[in-house]
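One structure below.
The values are calculated or read from the model by the stated rules, or taken from the named source; none is laboratory data. Quantities reported herein were computed from a predicted structural model and do not represent experimental measurements. Cβ atoms come from the backbone with ideal geometry, glycine included; neighbour counts cover every protein chain shown.
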Amino acid sequence: MHSVTEKPSESGYRGLTSVGVQCGSNSGRNPAFTLAAGILGKGLAMAGIRVIYGGVRTGLMGSLADSALESGGSVIGVLPELLVEQGLAHEGLTELRIVHSLAERKSMMLALSDATIILPGGVGTQDEFWEVLAAAQLGYHTKPCGILNVAGYYDSLLRFMDGALAEGFVSANDRQNILVSADPAQLVMVLSQALVSR
């Protein structure tokens, strides 16, 4: 995995102004997950790309937000009231939007983002990922979706998608909408190129 050390040229990320990032509220056992979240947050901030995420202060979510903020980036959190009441809100964000439900959170994050990236996470991350893909499949949006496949975490998910494609449950276009890299900077670049080509 390569660190993001320089701000890309404006033409490099043309058209990409905000990225929705879905990831775990826990850090997971592999330190590579936290490292990747920090690298992604820093890289987006240095490129002038706004981070849209779930608004939590802990886990990979917190590492992503903290890294982006420390690098001078803009970070918008979208958090359900229930999680605010549980004390999970990140207090240092550029903006924190409070919503009533998980459904409203997902809808708002997608609306605010030009593209979506998923990092390692659990049930909530998967729920958000599949909703973004399903909405694209039905034509509600044309925004690309990227998987930051840290330490092979999503290898099994990608095998499932390839199997669904082979069995005719997923179209080639749907499968191609999922862009994959283990390198944060490369993934953001590929998402930007995909966005511009649509």
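Brief remarks follow.
- Consider the stretch 13-41 and keep the residues that are among the β-branched types (Val, Ile, Thr) and in contact with a strand residue (DSSP E or B) (Cβ under 7 Å, 6 or more places away or on another chain). The one that is surrounded by the most Cβ atoms within 10 Å (Cβ to Cβ) is 21.
- Test: residue in the stretch 181-198 that is hydrophobic (A, V, I, L, M, F, W, C), without any contact (Cβ under 8 Å) to a residue 40 or more places away in the chain and either at positive phi or out of contact with any His (no Cβ under 6 Å at 6 or more places or on another chain) (or both): no
- Residues being over 20 Å from residue 26 (Cβ atoms) and under 15 Å from the mean Cα position of the chain (by Cα) - total across the stretch 76-115: 9
- Figure legend. Inter-residue proximity from the stretch 143-154: first residues on the phi > 0 side of the Ramachandran plot, second residues surrounded by fewer than 22 Cβ atoms within 10 Å (Cβ to Cβ) and not in a strand (DSSP E or B), beta-carbon distance below 7 Å, spacing 6+ or different chains. Indicated pairs: 151/30; 151/32.
- Which numbered condition residue 142 fails, given (1) out of contact with any strand residue (DSSP E or B) (no Cβ under 7 Å at 6 or more places or on another chain); (2) closer than 21 Å to residue 60 by Cα; (3) among the β-branched types (Val, Ile, Thr): (2)
- Residue within the stretch 66-88 that is at pLDDT below 95 and crowded, with 22+ Cβ neighbours inside 10 Å present: no
Rundown of residues vs (1) touching a strand residue (DSSP E or B) at 6+ places or on another chain (Cβ under 8 Å); (2) of a type outside the set (A, V, I, L, M), yes/no style:
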position: 153; (1), (2): no, yes
position: 173; (1), (2): no, yes
position: 178; (1), (2): yes, no
position: 181; (1), (2): yes, yes
